[in-house]
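The block underneath contains the structure these notes are about, expressed in structure tokens.
The values are calculated or read from the model by the stated rules, or taken from the named source; none is laboratory data. Computed from a prediction, not measured in an experiment: that's the story for all the values here. All Cβ positions, even for glycine, are placed from backbone atoms using ideal geometry, and neighbour counts span all protein chains on display.
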Amino acid sequence: MPRKMRFYLPGMPAHVMQRGHNRGPVFFSEQDYFEYLRCLKHAADTYGCKVHAYVLMTNHVHLLVTPESKESVGQLFQGLGRHYVRYVNETYQRHGGLWEGRHKGNIIQSQRYLLSCMRYIEMNPVRAGMVDHPAKYRWSSYAANAFGMSNAILNQHEEYIGLGASTNLRRKGYQELFDCDSDCGALELLRQSLQSGTPLGNDQFKARIETVVGQKVGSIGPGRPKRNLQGTR
């Protein structure tokens, strides 16, 4: 079966994820997380990707980025692969690949889903049972987005900035997004959109994407909720 085409568009946010080979671990010590973040900062600056949210799990990573060009996301992962995999292989005297062959990703309609996607990403450690609140997980962007902890990797998206007229109001508004109960249907929508590479947005958004890329962009199947996911886990 031919691989489904992945596509990213300049200035349009994308939710991307990469897993370890055979779902194996990709981080083995605290220093590895630091090194990955260093590599992420370098690759994002080099290839033109603004990073809005991230989480580093034991065997996979999630990123929310806005690329400057349609090639930026692919170049970001190539750069990460070269530098971080070399570091791991040299550090642990291993050989071969570390990641699955291809990352997964989909573009999202920022007005409806960007904040929801940020929350989905930063809630990963909670859903995995590693912590009971995202503030207790060190290797995500939550502390920066919710409390203003210094983080040179992140760029604030306009949807985040729109949460409040001041820095304090934005942080408070962001924290409140995490106070709602989870919505299983909304979570499934986010997951399936990512897994299938289907753009996440309303019909007008998808039609605009199809016009730009010159082909149908697919769907994740009937019966999925068409609603604003802001405030879902």
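Of (1) among the hydrophobic types (A, V, I, L, M, F, W, C); (2) closer than 15 Å to GLU122 by Cα; (3) at pLDDT 95 or above, LEU163 satisfies all except one. Which?
Unmet for LEU163, out of (1) among the hydrophobic types (A, V, I, L, M, F, W, C); (2) closer than 15 Å to GLU122 by Cα; (3) at pLDDT 95 or above: (2).
State the number of residues belonging to segment 1-23 that are within 19 Å of ASN124 (Cα to Cα), at pLDDT 95 or above and over 15 Å from the mean Cα position of the chain (by Cα).
1
Restricting to segment 62-73, and then to whatever is surrounded by 18 or more Cβ atoms within 10 Å (Cβ to Cβ) and not polar (S, T, N, Q), can you tell me which residue is farthest from GLU100 (Cα to Cα)?
PRO67
Return yes when GLY197 is under 16 Å from the mean Cα position of the chain (by Cα) and among the small types (Gly, Ala, Ser) and no when it is not.
Considered against the rule, which asks whether it is under 16 Å from the mean Cα position of the chain (by Cα) and among the small types (Gly, Ala, Ser), GLY197 comes out as yes.
Residue by residue through segment 144-155, note down the ones that are surrounded by 15 or more Cβ atoms within 10 Å (Cβ to Cβ) and touching a residue at least 40 places away in the same chain (Cβ under 8 Å).
Those that are surrounded by 15 or more Cβ atoms within 10 Å (Cβ to Cβ) and touching a residue at least 40 places away in the same chain (Cβ under 8 Å): ASN145, ILE153, LEU154.
Those residues that are more than 29 Å from ILE209 (Cα to Cα) and surrounded by 21 or more Cβ atoms within 10 Å (Cβ to Cβ), I need them from segment 28-56; list them, please.
Those that are more than 29 Å from ILE209 (Cα to Cα) and surrounded by 21 or more Cβ atoms within 10 Å (Cβ to Cβ): TYR36, LEU56.
Tell me the residue from ASN22, ASN59, ASN89 that is surrounded by fewer than 20 Cβ atoms within 10 Å (Cβ to Cβ), of a type in the set (S, T, N, Q) and on the phi > 0 side of the Ramachandran plot, please.
ASN22 is the lone residue from the list that is surrounded by fewer than 20 Cβ atoms within 10 Å (Cβ to Cβ), of a type in the set (S, T, N, Q) and on the phi > 0 side of the Ramachandran plot.
Just one of (1) farther than 23 Å from LYS216 by Cα; (2) assigned to a loop (DSSP other than H, G, I, E, B) trips up GLY11, so point out which.
Unmet condition: (1).
Can you tell me how many residues within segment 12-32 are in contact with a Phe, Trp or Tyr (Cβ under 7 Å, 6 or more places away or on another chain) and farther than 27 Å from TYR113 by Cβ?
Adding up the residues that qualify gives 3.
Please determine, by comparing only the residues of segment 104-132 that are surrounded by fewer than 20 Cβ atoms within 10 Å (Cβ to Cβ) and outside any helix (DSSP H, G or I), which one is nearest to the chain's Cα centre (by Cα).
Only one residue tops the list, namely LYS104.
Could you identify the single residue in TYR54, TYR87 that is at pLDDT 95 or above, part of a strand (DSSP E or B), among the hydroxyl-bearing types (Ser, Thr, Tyr) and out of contact with any Phe, Trp or Tyr (no Cβ under 7 Å at 6 or more places or on another chain)?
TYR54
Is at least one residue of segment 133-146 in a strand (DSSP E or B) and either among the aliphatic types (A, V, I, L, M) or under 14 Å from the mean Cα position of the chain (by Cα) (or both)?
The answer is yes; a qualifying residue exists.
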